[in-house]
Amino acid sequence: MAQHLVYGLHAVQALLKSSPQQVQELLLLRGRKDQKLQKIIRQAEQNDIAIRFVDRRALDEKVGDDGNHQGAVAVCVGDTKIYDEQFLKSLLQQLDEKNEAPFLLVLDGITDPHNLGACLRSAEAAGVHAVIAPKDKAAGLTPTARKVACGAAEVLPFVTVTNLARTLQMLQQAGVWIYGAAGEAEQNIYQSSLTGPLALVMGAEGPGLRRLTRENCDHLVNIPMAGEVSSLNVSVATGVCLFEAVRQRSAG
């Protein structure tokens, strides 16, 4: 059975809370005794998960050069839970039954796992119901993305689809308004009504939204820029747009 790693204090803690059955073994830094690590130890013991205390070098070698493990690494078995378009249709139906407006984030071609993780973290904090991304030519839920997400990847559905344009059309048919972020848009995010069923689409840095994605947006919006810098990092821009939507949706 395939193994994968989840590391970082927040990510491991969220995993132990949401899916402890995935964790085969927990590797923790020997000698560390702070409250955050003690909480992880209690969670693991409550779920009868094996704990092994090792030195920092062993943890560094486990996660490789790109990983900041913070003294906690979970060795997991089974496939990472990733959702598909059928789940998305089911989610929309459930939200409709609860009379709750969908709030979705769509990431079009985000290839940097650090940016993906940061977007997931902002999305979870904003109360987004699911994050949607294409299967190909995009970052997946790598250990790095999970670490940067600080636990959001373990609790927020990450939906991967084979044809993003078709998925956007399906969302439109379900009554969801598609707002795409584009620097050249005439309307800015603060002039837009983001209170109803909403999917916010963010493109990759540089190329931005792909042509078919752009054509399937109901509205294009920008973030007004006052300084000399022409654009924001995609994860920062995502946070700005999401929390403008949160402000509008919670007003009154």
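The values are calculated or read from the model by the stated rules, or taken from the named source; none is laboratory data. Because the structure is predicted, anything quoted here is derived from the model rather than measured. Here the Cβ positions follow ideal geometry from the backbone for every residue, glycine too, while neighbour counts run over all protein chains shown. Calculation scope for accessible area: heavy atoms of the full protein, side chains included, ligands and nucleic acids excluded. Shrake-Rupley method; radii C 1.70, N 1.55, O 1.52, S 1.80 Å.
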TODO: Work out the length of the dipole vector of the stretch 20-118 about its Cα centre, built from +1 on the beta-carbon of each Lys and Arg and -1 on the beta-carbon of each Asp and Glu, and round it to the nearest 20 debye.
DONE: 740 debye
TODO: Take the solvent-accessible surface of the protein heavy atoms, probe 1.4 Å, and return the percent of it on the chain that carbon and sulfur atoms account for.
DONE: 46 percent
TODO: Please state the charge dipole magnitude for the stretch 84-227, taken about the Cα centre, from unit charges on C-beta atoms (+1 on K and R, -1 on D and E), reported in debye and rounded to the nearest 20.
DONE: 280 debye
Task: Tilt relative to the chain, helix 113-126 - C-alpha long axis, 0 to 90 degrees, to 10 - done: 70 degrees
Open item on the list: Less than 14 Å Cβ to Cβ from L92, Lys/Arg counted +1 and Asp/Glu -1: what total charge do the surrounding residues give?
Closed with: -3
TODO: Before anything else, pin down the relative contact order of the stretch 104-148: Cα pairs under 8 Å, at least 6 apart, normalised by residue count, whole percent.
DONE: 58 percent
Open item on the list: Placing +1 on the Cβ of each Lys and Arg and -1 on the Cβ of each Asp and Glu in the chain, which of A204, Q35, L120 has its Cα farthest towards the positive end of the resulting dipole?
Closed with: Q35
TODO: Compute the signed sum of charges (Lys and Arg +1, Asp and Glu -1) over the other residues within less than 15 Å, Cβ to Cβ, of H219.
DONE: -4
- [ ] May I ask you to work out the translational diffusion coefficient for the stretch 80-234 at 4 °C, viscosity 1.567 mPa s, via Stokes-Einstein with Rh from the Kirkwood sum over Cα pairs, reported in whole µm²/s?
- [x] 82 µm²/s
- [ ] Quick one: net charge around L120, please, counting Lys, Arg +1 and Asp, Glu -1 for every other residue with C-beta under 12 Å from its C-beta.
- [x] +1
Task: Karplus-derived 3J(HN,Hα), 6.51/-1.76/1.60, for each residue of the stretch 93-108, Hz, glycine and proline x - done: 5, 4, 5, 5, 5, 8, 6, 10, 6, x, 9, 10, 10, 10, 10, 9
Open item on the list: Explain nothing, just the number: relative contact order of the chain, from Cα pairs under 8 Å at least 6 residues apart, as a whole percent.
Closed with: 21 percent
Task: For the stretch 4-21, Karplus couplings with θ = phi - 60° (6.51, -1.76, 1.60), whole Hz, Gly/Pro x - done: 9, 10, 10, 9, x, 4, 5, 5, 5, 4, 5, 5, 5, 7, 8, 9, x, 5
Task: Proportion of all alpha-carbon pairs of the stretch 126-200 beyond 22 Å (%) - done: 37 percent
- [ ] Report relative contact order for the stretch 130-199 in percent, whole number only (criteria: Cα-Cα under 8 Å, sequence separation at least 6).
- [x] 32 percent
Open item on the list: So if I restrict to the alpha-carbon atoms in the stretch 1-71, what is the Rg, and what is Dmax, the biggest pairwise distance, in Å?
Closed with: 11.5, 33
Open item on the list: With viscosity set to 0.692 mPa s at 37 °C, what whole-number translational diffusion coefficient in µm²/s follows for the stretch 53-170 from Stokes-Einstein and a Kirkwood radius over Cα pairs?
Closed with: 212 µm²/s
